[in-house]
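Below: one structure, written as structure tokens.
The values are calculated or read from the model by the stated rules, or taken from the named source; none is laboratory data. These figures come from a predicted structure and were not determined experimentally. Positions of Cβ are backbone-derived with ideal geometry, glycine not excepted, and every protein chain shown enters the neighbour counts.
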Amino acid sequence: MADGKGVRAEANALVEELLARLDTSDVRELEVTRGTLRVRVAKSAGPAQTYAPAPMPAAQALAQSAGPAVVSADHSIATTDAITAPLTGVFYLSPSPQAPPFVQVGSVVAAGDVIGLIEAMKLFNEIRTTKNGRVRKIVATSGQLVRAHAPLIELDLA
Amino acid sequence: MDRLGLLADPAVRSAFGRELGRSIEYHASIGSTQDRARELARSDASGPTLVVADQQTAGHGRGEKSWLSEPRASLLASWTFRPAPAEPALFALLAGVAVTKALRPLGVADLGLKWPNDVWLTGGKIAGCLAHGAADHVVIGIGVNVWQRELAPEIAETATSLRRAGHDIDRLALLARITSQLDVIADPANHPAALTEWRRRSITLDREVEVTEAGIAPFRGKAVALADDGALVVETPYGQERVIAGEVRVLG
């Protein structure tokens with residue numbers, strides 16, 4: 001069983017990892033759960049939080065930026081214009097590593113269009129938009145784990 | 001003796017397809033059976049279809065991986081299921097069970113399953129499965145190393161073939177048996193028995209594993225269970241993790 005020191009070290013390592021990723025990303029907020037440890041980092045919403053349920057001590061860290069290991073479902077983006085993940089898995093923005101992305105910022109999409117894939121257990125699920133609009137932002141990063149209900153892209157609705 | 005080439009004859013293909021309840025497309029060479037089957041599945045008019053090839057020039061694995069094939073050495077096929085089976089991700093996982101159950105009556109024992117659906121024999125991977133899901137259909141693609149005597153250097157350490165393990169398997173017979181077994185696992189009523197079979201053949205459970213989930217540092221733990229939805233439960237020093245995506249490497 002890990003001691004408190006070990007948990008803090010794990011948490012700090014995780015926070016550093018997320019910060020490095022957020023630095024190079026447009027994503028505003030990220031959350032990772034690993035065992036009983038949960039780490040969330042955000043760009044402008046104040047301090048990042050690290051959770052470790054008793055009896056493990058919580059580790060604290062401040063973050064100004066981070067990048068997605070897991071895009072949190074607990075987000076501040078209005079859901080009315082976000083296409084969200086229907087399931088947890090790895091998000092892919094293109095059908096294969098060599099292929100162009102399904103959508104990019106500025107793409108016009110219609111309800112039913114495929115905007116990405118989410119892979120779980122070697123099943124690649126097509127993710128389709130249910131709304132018409134123009135892609136304002138790609139929220140999730142291709143190749144990263146996303147949790148169910150996390151935002152994938154934001155749309156300016158038509 | 002390998003009779004897969006018989007499918008080049010339209011009459012044989014038609015008769016075989018009727019027996020299996022699917023229309024069959026046979027290609028001496030194709031980029032990817034999976035791409036072709038997905039194209040067919042998107043067509044509203046398509047019924048159950050099986051696309052099989054003697055060689056692929058652009059086969060898919062997960063992520064950056066490709067599925068290497070030389071002519072007539074592998075069984076390379078993709079099946080369309082329309083409508084999509086219930087619990088399609090679990091169906092994809094259980095495709096590994098379908099392959100083991102197809103091989104067993106052909107005399108291949110000691111098969112193992114590595115999470116989620118890789119089929120292993122004598123310490124090497126012999127088959128892999130990959131699926132694509134849409135709202136109204138699922139396409140499952142399976143590649144089996146059958147006749148290879150040598151494997152490409154980049155996969156030689158982790159892969160093998162039925163031939164190298166001492167089994168001469170007719171790809172046509174294997175194709176028929178895998179098709180029947182896929183139809184079995186497409187029925188959710190058969191999931192409990194298939195899950196039991198997966199657990200029995202697992203080479204992942206009760207082992208130390210390293211899990212690499214996209215974008216985060218790998219973690220290690222002991223694979224302690226396969227959940228009924230197909231997730232791998234890994235015990236770590238910080239609690240249990242449910243793994244549903246990512247690469248799982250068995251350590252020692």
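Details
- Selected residue (criterion: nearest to the other protein chains (Cβ to nearest Cβ)) from residues of the stretch B:198-219 that are buried (at least 19 other Cβ atoms within 10 Å of the Cβ) and charged (D, E, K, R): B:E213
- Condition met for A:L93 (modelled with pLDDT of 95 or more, under 20 Å from the mean Cα position of the chain (by Cα) and facing another protein chain (nearest Cβ under 10 Å)): no
- Qualifying residue in the stretch B:123-130 (condition: more than 14 Å from every other protein chain (Cβ to nearest Cβ) and part of a strand (DSSP E or B)): yes
- Of residues in the stretch B:1-42 being acidic (D, E) and farther than 28 Å from B:A134 by Cβ, the one surrounded by the most Cβ atoms within 10 Å (Cβ to Cβ): B:D2
- For B:D136: the one exception among (1) touching a helix residue (DSSP H, G or I) at 6+ places or on another chain (Cβ under 9 Å); (2) under 30 Å from A:T129 (Cβ atoms); (3) at pLDDT 95 or above: (3)
- Test for B:D187: is it at pLDDT below 95 and away from chain A (no Cβ under 14 Å): no
- Qualifying residue in the stretch B:140-147 (condition: within 14 Å of chain A (Cβ to nearest Cβ) and either surrounded by fewer than 24 Cβ atoms within 10 Å (Cβ to Cβ) or of a type in the set (A, V, I, L, M, F, W, C) (or both)): yes
- Residue, modelled with the lowest pLDDT, within the stretch B:232-252, restricted to residues that are in contact with a strand residue (DSSP E or B) (Cβ under 6 Å, 6 or more places away or on another chain) and at the interface with chain A (Cβ under 8 Å from one of its Cβ atoms): B:G246
- Residue satisfying all of: in the stretch B:60-119; on the phi > 0 side of the Ramachandran plot and away from chain A (no Cβ under 13 Å); modelled with the lowest pLDDT among these: B:R72
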